[in-house]
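S.K.: Shown below is the structure under consideration.
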Amino acid sequence: MIDNEYGLPDFNDVLSNNTNLVRNIQQNIRTSIEKFEPRLKNVEVHYRQDNHNPLQLSFGIGGEVMHNGGKVPMSINIFMGVDGQFNV
């Protein structure tokens, strides 16, 4: 069974009742990772403004993964397009 809170909310709903969309998306990404990806610690989510593509929201995600008894830094970039879909 899949947890009802798994994944990110529909941000079309967020747009109608939230004035700070970017901060809301950042918090939702961080919360989802912390809840559903316990291997990743010290999670940070940063908005990356792209003046060349203003209709695409870009975020950098960083953290640490425990591997072979040590912490390994990890980072990825994700992009939310105009269709609301996230791409890594």
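The values are calculated or read from the model by the stated rules, or taken from the named source; none is laboratory data. The structure presented is a predicted model; accordingly, all values stated were derived computationally and were not measured. All Cβ positions, glycine included, derive from the backbone under ideal geometry; neighbour counts span all protein chains shown.
S.K.: Return yes or no: is E44 among the acidic types (D, E), in a strand (DSSP E or B) and modelled with pLDDT of 90 or more?
M.R.: yes
S.K.: Out of the residues in the range 68-88 that are at pLDDT below 85 and more than 14 Å from the chain's Cα centre (by Cα), state the one that is nearest to L21 (Cα to Cα).
M.R.: V82
S.K.: Within the range 60-78, can one find any residue that is exposed (fewer than 12 other Cβ atoms within 10 Å of the Cβ) and basic (K, R)?
M.R.: Checked against the condition, which is being exposed (fewer than 12 other Cβ atoms within 10 Å of the Cβ) and basic (K, R), the range 60-78 yields no hits at all.
S.K.: Related question: Could you run through the range 48-67 and say how many residues are farther than 17 Å from Q27 by Cα and modelled with pLDDT of 90 or more?
M.R.: Final tally of qualifying residues: 2.
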